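The block underneath contains the structure these notes are about, expressed in structure tokens.
Coordinate-derived values only; no laboratory data. Computed from a prediction, not measured in an experiment: that's the story for all the values here. Neighbour counts run over all protein chains shown; Cβ positions are idealised from the backbone, glycine included.
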Amino acid sequence: MQRAAPPRAWRYATPAIVLHWLLAALLVFMAGLGWWMMTVEREPEGPGLFILHKSAGLVVLALVALRLSWRLAHRPAPLPPGVPGWEVRLGDATQLALYLLMIAVPLTGLLGAMYSRGGLAFFGAELPRWVAADRPTSKQFFELHETLVSVLVACVALHVAGGLKHLVVDRDQVFARMWPARR
């Protein structure tokens with residue numbers, strides 16, 4: 001049996017949906033690229049992967065700022081009354097953690113790169129240096145960056161599990177709020 005789509009006013013707006021799925025894809029790509037580039041950092045392809053990672057990280061940071069701005073100006077409708085309170089609170093806490101981590105992860109990477117000897121570049125174009133290179137400071141930011149990525153991955157896994165629960169177990173149309181509408 002096919003379920004009806006949720007009411008249009010209850011769905012997230014198209015810009016929110018596009019930014020959600022674009023950032024989801026970019027975050028998965030960035031985590032994979034980050035872990036892979038660390039295994040080949042001293043290989044010939046290493047420097048190019050670092051440039052790609054830094055550049056894409058700047059794009060992620062800009063998209064997160066855009067998404068956060070959209071979210072603050074366009075509050076989604078509340079979840080249906082049948083969703084248990086603990087699920088609403090867990091979902092809210094997870095979403096807050098995701099937003100904080102989507103800001104903190106690229107910022108710590110950006111700061112680590114700024115303090116690194118190599119500096120920061122955007123797709124090969126060197127960006128102005130605002131701070132002097134400082135290896136210990138760079139290393140601290142990169143260690144924090146790596147730790148936060150692990151926490152982000154755990155929060156994303158929880159978010160995905162919640163979405164799948166609503167889609168497969170509850171079948172309550174909560175997942176459909178963020179899924180692109182069929183025409």
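Below is a table of values for the structure above.
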{"quantity": "Tabulated pairs, segment 123-143, first free of Cβ contacts under 8 Å to residues at least 60 places away in the same chain and in a strand (DSSP E or B), second surrounded by 11 or more Cβ atoms within 10 Å (Cβ to Cβ) and not basic (Lys, Arg), C-beta under 8 angstrom, 6+ apart or interchain", "calculated": "126/119; 126/120"}
{"quantity": "Members of segment 123-138 found to be surrounded by 13 or more Cβ atoms within 10 Å (Cβ to Cβ) and over 26 Å from the mean Cα position of the chain (by Cα), listed by number", "calculated": "133, 134"}
{"quantity": "Residue that is nearest to the chain's Cα centre (by Cα), among those in segment 154-172 that are surrounded by 15 or more Cβ atoms within 10 Å (Cβ to Cβ) and closer than 20 Å to residue 19 by Cα", "calculated": "156"}
{"quantity": "Number of positions in segment 12-41 that are among the hydroxyl-bearing types (Ser, Thr, Tyr) and loosely packed, with under 12 Cβ neighbours inside 10 Å", "calculated": "2"}
{"quantity": "Residues being in contact (Cβ under 8 Å) with a residue 60 or more places away in the chain and buried (at least 16 other Cβ atoms within 10 Å of the Cβ) - total across segment 62-86", "calculated": "1"}
{"quantity": "Some residue of segment 42-61 being β-branched (Val, Ile, Thr), outside any loop (DSSP other than H, G, I, E, B) and surrounded by fewer than 15 Cβ atoms within 10 Å (Cβ to Cβ)", "calculated": "no"}
